[in-house]
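Reviewing the structure listed below.
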Amino acid sequence: MAEPQSFGALLAKLRMARNLAQTRLAERADYDHSYISRLETGARSPSRDAVERLIRTLQSSQEEADALLEAAGYMPPSLHGVAAEPAPADRGGAPGGRERPPGAKEQSWRSEKTSRASTR
C-alpha cells in the first residue's frame with residue numbers, strides 16, 4: 001500500500017501541475033505567499049476553510065479535493081454518507097471485529113475485556 005502524502009507535499013504537487021508559483025497561488029487564494037510556503041513545508045496546518053479555498057483556487061477535481069482534505073485531516077464530503085453508517089461494533093459486533101458471546105450485552109463485553117486486560 002502506498003504511503004499517504006502529507007498535505008504540504010500534495011499541495012505542492014497540485015500547484016506545480018498547474019504551473020503556479022507559490023506567490024501566484026497565494027495571490028489567487030488571497031493569502032500571503034509565506035503562508036503557502038509554510039503549508040507546503042509542514043510548518044503550518046491549514047484550517048478546513050483554507051483547504052476548501054485552495055481547492056477552489058486550484059480548480060481541483062473531486063478526487064484531488066478529497067485527497068487534500070484527507071491529507072489535512074478533514075473528512076471529505078464524499079465520505080460523509082459512509083461515516084453515517086454504523087460501525088461493526090454498533091451493529092452488534094465487538095470492538096476489533098470480534099463477535100460478542102451469544103447473549104452478551106455490549107457494556108458487559110467491554111467490562112469483561114477491561115477486566116481481562118487489567119489482570120494481565
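FYI, it's all coordinate maths here, none of it is from the lab. Predicted, not measured: the structure shown is a model, and the values here were computed from it. Every residue, glycine as well, gets a Cβ built from its backbone with ideal geometry; the counts of neighbours run over all protein chains shown.
Just grab the label-to-label distance for Ala9 and Arg44, each label 7 Å out from Cα along the Cβ direction, in nm (one decimal).
Result for the modelled spin labels: 2.2 nm.
What does the charge add up to near Ile36, with Lys and Arg as +1, Asp and Glu as -1, over the other residues with Cβ less than 14 Å from its Cβ?
Value of the local net charge: +4.
Local charge sum around Gln59 (other residues, Cβ-Cβ under 11 Å, Lys/Arg +1, Asp/Glu -1)?
+2
Neighbouring Cβ atoms within 10 Å as the yardstick, rank Glu63, Glu40, Glu52 fewest first.
Ordered from fewest to most neighbouring Cβ atoms within 10 Å, Glu63, Glu40, Glu52 come out as Glu63, Glu52, Glu40.
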